[in-house]
Every structure is written in structure tokens, then in C-alpha cells.
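K.L.:
Encoded as C-alpha cells, here's the structure I'll be asking about.
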């Protein structure tokens, strides 16, 4: 795997412009972070369909819900903590409860906030959005997946929350890839254990699987790009195929991907399971590699978890 040639945010804006050229309902609502999202080209192309509300995220959601009520498809954007916890009531009531069609982009999820520190490092945004009825939560693993997902996001009527890593990621998919809306994707076949990962943790999981293969351990890897609605059938089948599960996420292990998977398995097919992610901790200033080591989110930590759950089988 190698770094992508282009940043995810650039591909996001490009895809949004392409869709907006075909669909005049698409509008952009920003909260004074157009430079951060590199979405200024959209404003240059569609100035009459771009609204910058300033640093007023709750108002941004109110404006977006109003636009949706009049038939538009608004895309909002700000950093993940401001896209979720700062305007939770507006998302819950003005968007979701009202049954409106707002697409919410939260950028720099989890440790990706890096030097912006604890106030900007949201480890709870998935948990917040998971609790809202009818919410879709999508986290692309790279720009290829995000670009292919954009038409599905637009065609789906209802609120969608997207966790976007802004900069370059490790490229997981190539031009042969075909996106499957709300369906888990098997990236590696295996029979001893399954790692279910999302976002930047997919790369760490693949690294762990490759290292474990050298030790004779067969690891299945699933990319769970849609945490809600979770692909329950794929989760249950993978548990049946392997008998042991590890989840890996750039989020608090409470009420994120790990919790969602545990809920499904507890009710349907209980197996030994371990969750990799932030263990109920606030963020702090630091580069991503340092933070991932501190919060035990690297491939070596996934390997330890794999061996632990395999040891509990049978």
C-alpha cells in the first residue's frame, strides 16, 4: 500500500461539483472552514448555491434543514466535534425528527485532528450519531471509496453523517473497485479470526493480518464503512466462519463500531471478541502515529487482540 496521490478533501469537492453539475438541488453550507475542506472550487463554480454561515454550526444545521424542506440537498461541513456534539439538538430535531435530507460532513475524525488537540479530537461522534433514528453513518477508507459513494449518498433520502479524513490516506482501493452501499466488504479471506475495521484502522488491520499470516494465523478482514445501518448479516456470517472477532476503530470503544458489532453478536451468535480503539479517554495534542501508539490502535495492538480472542475459542 502507498499514499494516495490526492487528498481526500480534494476528491470530495471534485465529486460534489460533478454531482452538482447534474443536479441543481445540491447546495453547500459551510461553517467558515472552506479552506480546511478545500471546497472553495465549489463556491467558484456555484456561488449562488454556496452558503457560509460563519462559526455558527447549530445555525448551519438549521439553514440546511430549511433548504432541505424546500427540496434542496444540502451538504454541511465542519470538524467532527462541531458537526456532532455542538449541534446535536438541531441535528436531532430540525433534521432527523423532521425527516429531512441533510448530508453532514465531519472532517478530521478521532486522532486525525492531531495538533488541534483534545477540544477538536472527537472520539464520541459516532456514538452521538448512532443514537439518532434513521441516521446513516459512513466512513470512507480512502478517496476512491468516497468518490464512488457520493452518488449513493445523494440518492439516499435522509440524514447521512460522513467521517472524512481530509488529507492523503493509504490507498486501499483501485480503479477496479465497486462500492456497495451499506454492505461490509471482505478485503482478506481467513478462517481463524475476523477483524472488522473502519476508516484509517483498515490499513492497520490489513498490516496485522499480513504479519499474522507469517505466523500461520488465517485472518479475515472486513471493511465496515457503514457503521449504521450495520451489515448485520455480514457480521454474523463472519463470526460463524471464524469463531472470533476483533473490531478496530478510530473512536471510543464505547458506542462505536465495537459496540454495534457486540450488540449484534450478543443477540445472534456470541463468540470471543475484543475491541481496539480509544478506551474512554479524551484526546490530546500529538501527531497521529504517537496518538495511535498511546491509545493502542496500531497493528501490533490488533495482533495482540487477535491472539487473545483465538486463545478463548472453544
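K.L.:
From 89, 108, grab the single residue that is touching a helix residue (DSSP H, G or I) at 6+ places or on another chain (Cβ under 7 Å) and touching a residue at least 24 places away in the same chain (Cβ under 8 Å).
P.N.:
108 is the lone residue from the list that is touching a helix residue (DSSP H, G or I) at 6+ places or on another chain (Cβ under 7 Å) and touching a residue at least 24 places away in the same chain (Cβ under 8 Å).
K.L.:
Criterion first (in contact (Cβ under 8 Å) with a residue 40 or more places away in the chain, in contact with a strand residue (DSSP E or B) (Cβ under 6 Å, 6 or more places away or on another chain) and not assigned by TED's automatic domain parsing to the domain that holds residue 280) does residue 42 satisfy it?
P.N.:
Taking the combined requirement at face value, the residue does not satisfy it.
K.L.:
Hey, any hits in the stretch 233-249 for a residue that's at pLDDT below 95, surrounded by fewer than 20 Cβ atoms within 10 Å (Cβ to Cβ) and either assigned to a strand (DSSP E or B) or in contact with a helix residue (DSSP H, G or I) (Cβ under 8 Å, 6 or more places away or on another chain) (or both)?
P.N.:
Scanning the stretch 233-249, I find no residue that is at pLDDT below 95, surrounded by fewer than 20 Cβ atoms within 10 Å (Cβ to Cβ) and either assigned to a strand (DSSP E or B) or in contact with a helix residue (DSSP H, G or I) (Cβ under 8 Å, 6 or more places away or on another chain) (or both), so the answer is no.
K.L.:
So if I check each of 40, 28, 67, which one is more than 20 Å from residue 144 (Cα to Cα) and out of contact with any helix residue (DSSP H, G or I) (no Cβ under 8 Å at 6 or more places or on another chain)?
P.N.:
Numbers: 40 fails: out of contact with any helix residue (DSSP H, G or I) (no Cβ under 8 Å at 6 or more places or on another chain); 28 fails: out of contact with any helix residue (DSSP H, G or I) (no Cβ under 8 Å at 6 or more places or on another chain).
When all the criteria are applied, what remains is 67.
K.L.:
Specify which of the listed residues (129, 135) is in contact with a strand residue (DSSP E or B) (Cβ under 7 Å, 6 or more places away or on another chain) and within 23 Å of residue 280 (Cα to Cα).
P.N.:
Exactly one residue qualifies, and that residue is 129.
K.L.:
Does residue 225 satisfy being over 24 Å from residue 111 (Cα atoms) and within 17 Å of the chain's Cα centre (by Cα)?
P.N.:
The answer is no for residue 225.
K.L.:
On to the next question. It is to be established whether one or more residues within the stretch 185-206 are in a helix (DSSP H, G or I) and within 15 Å of residue 272 (Cβ to Cβ).
P.N.:
Kept after step one, since they are in a helix (DSSP H, G or I), are these residues of the stretch 185-206: 201-206.
Narrowing the set further to residues that are within 15 Å of residue 272 (Cβ to Cβ) leaves none.
No, every residue in the stretch 185-206 fails to be in a helix (DSSP H, G or I) and within 15 Å of residue 272 (Cβ to Cβ).
The values are calculated or read from the model by the stated rules, or taken from the named source; none is laboratory data. On a predicted model such as this, the values are computed, not experimentally measured, just so you know. Note that we place each Cβ from the backbone using ideal geometry, even for glycine, and neighbour counts take in every protein chain shown.
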